[in-house]
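What follows is one structure encoded as C-alpha cells, with my remarks underneath.
The values are calculated or read from the model by the stated rules, or taken from the named source; none is laboratory data. A quick note: this is a predicted structure, and the numbers were derived from the prediction, not measured. Virtual Cβ from ideal backbone geometry, glycine too; neighbours counted across all protein chains shown.
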Amino acid sequence: MQQTFFPSDRVARSLTLSTMAFALSSGVFYTVSALYFTRVIGLGATTVGLGLGIAGGVGVLAAYGAGWLSDRVGAHHVQAWATGLNGLAMLAYTLAADAVVFTLVASLAIGLRSASGSSKQAMLARWYTGPERVEVRARMRVVTNVFIGLGTVAAAAALLVDTPAVYRTAMLAVGVLLLLAALPLARLGRQVPELAARMVQRVATEQPTDEQSDEQGRRRGSSPWRDRRYVAAVACNAVVAMHFGLQTVGVPLWVATTEAPTAMVAVLLVLNTVVVASLQVRASRGTHDVRHAGVTVRRASWLLAAACVLYALAGYGNLAAACALLVVAALAHSLGEILGEAGGWGMAFELAGPQHAGAYQGLSQTGYAVASMVAPALVTATAIEHGTVGWLGLAALFVAAGTAAAMVARGGVGKPTAALVR
C-alpha cells in the first residue's frame, strides 16, 4: 500500500501526487457540476447535454493530438501544461454566463483533460518497461478511485448548503486543485534530469533490424493508424470500456425503475471503489504479456455480461431481491472493470511501437474518449428504453468485444502486411 500512495520512485511519486490532486478535483466536479450548470449558470438540461457533447468531440481529437505532441516535445511537458491549463479552464466556468461561453469553456476543459490522459499514458510507456508499466498504471488507478471518493464526500457539503455561492466556491476549488496537480509535473524535469534523455535514448536504441520478425517490425511502425492490429485492439477495448457509461448513467437510471431505494446507487458506487482499491493492482499482474492481456479482457467481458443479466433480473424482484441482485451485479461489474482495465493497459502498452509511443497511447486514449462519448446514449437507448432485451443486447456486445480482443492479442486478426512492416 505504501508503494501505491507514497512510491519510492521519484517519477511515480510525482505522478501519484498529481493524480491525488487531479482525482480530488474530479470528485468535487462530478458531484456539483450538473447543479452548477443548471442552477447557477441557468442553462437547461438539453443545452448542457449538447454543450458537453460538442466538448466530448473536442476531447476525442485532443486525445490523439496530445499523444502526437508528446513524441515531439516530451510527454512530461505536455502533461504539465495540459493539467495546468485545465485548471484555468475550470476556473473559467465561474465566468460562463450563457450557452456559447459554457460550450467554449467545456470544450477547453474536456480537451485538456483528454490531453492530460494521453500524455500520462505516453509518459508511462516511455519511462517504464514490461510489468512495471502496468503495475504503476494500476496503482495510479487505485489512487484515482480513492481520491475521487474523498472529493465526492467533501463536495457533499456543497449539496447540503445548496446555494449558488457554495457551488461557485466548489468550482473554484476544482480549478485550484488542478493547478496544484500541475506542480509536481512541472518540477519533474528538474528533479529527474535524465527523464528526457532516457526517452530519447529508448527511441534510438529500439530501432528494428533486418533479423527481427514481422511482428517486431509491425510494432515499430511509423503510425498507429497503419497498424491494423493496434487499431483493432483499441476498437475492442473501447467497446468494453463503455461499461463506465453503464455505471455512471445506466445503473442510476435503472435503479430508479426497480423496487430498490435510490440510495442503492451510493451503495453500489462505494462497493465499486472498494473493489478497485483492493484488487486493481493484483488484477494487473501478468498483463504485460499480450496474450494474457487479451484473455483478461475476455474474462472481463463475460463478467460484464453477467452483470447486465443480473441488472435486468433486479427489475423483476421485490425490494430485498432487487437490492441483493443489484449488489451481486455491481460486484460482477466491478470485477469486470478491473480486469478490463488491466488487460486493456497491457494491450495498449505492449502492442505499441516504441518509436512513436505518444501517438500510439494517444490513439488508445482516443478509443476511451469515443467510448465515453457514445456510451450514455447507447446505454439509455438499449437497457433503459427496452429493459431486459436491451440489457441482453449490451451483454452480447461486451462478449463479442472481449472475444475479439482475445483474438487480436493472439495475433489471429489484423496481421500486418509487408507494406505495413516497411
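Among residues of region 21-56 being more than 18 Å from Ala92 (Cα to Cα) and modelled with pLDDT of 90 or more, the one that is surrounded by the most Cβ atoms within 10 Å (Cβ to Cβ) is Leu24. Looking across Ala371, Ala381, one residue alone is under 30 Å from Ala109 (Cα atoms), under 22 Å from the mean Cα position of the chain (by Cα) and either in the same structural domain as Ala260 (by TED's automatic domain parsing) or free of Cβ contacts under 8 Å to residues at least 60 places away in the same chain (or both). It is Ala371.
Taken together, Ala260, Ala293, Ala352, Ala348 contain a single residue that is closer than 30 Å to Arg72 by Cα and in a loop (DSSP other than H, G, I, E, B), which is Ala352. Within region 82-118, being crowded, with 20+ Cβ neighbours inside 10 Å and not in a helix (DSSP H, G or I) holds for one residue alone: Ala96. Given the structure, is Ala306 among the hydrophobic types (A, V, I, L, M, F, W, C), closer than 26 Å to Ala320 by Cα and not in a helix (DSSP H, G or I)? Criteria not met by Ala306. Based on what the data block shows, is Tyr30 more than 17 Å from the chain's Cα centre (by Cα), over 23 Å from Gly362 (Cα atoms) and hydroxyl-bearing (Ser, Thr, Tyr)? Here the answer is no, as Tyr30 does not meet what is asked. Taking residues in region 284-313 that are among the hydrophobic types (A, V, I, L, M, F, W, C), and partners anywhere that are buried (at least 24 other Cβ atoms within 10 Å of the Cβ) and assigned to a loop (DSSP other than H, G, I, E, B), the pairs with Cβ atoms closer than 8 Å and at least 6 places apart or on different chains are Val290/Leu351; Ala293/Thr287. Is there a residue being farther than 24 Å from Gly189 by Cβ and among the hydrophobic types (A, V, I, L, M, F, W, C) anywhere in region 61-69? Looking for residues that are farther than 24 Å from Gly189 by Cβ and among the hydrophobic types (A, V, I, L, M, F, W, C), one finds at least one in region 61-69, hence yes. Screening Ser334 on (1) within 30 Å of Thr258 (Cα to Cα); (2) of a type in the set (Gly, Ala, Ser); (3) buried (at least 23 other Cβ atoms within 10 Å of the Cβ); (4) modelled with pLDDT under 90 shows it passes everything except condition (4). Annotation: of all residues in region 62-81 being surrounded by fewer than 24 Cβ atoms within 10 Å (Cβ to Cβ) and part of a helix (DSSP H, G or I), the one that is modelled with the highest pLDDT is Trp81.
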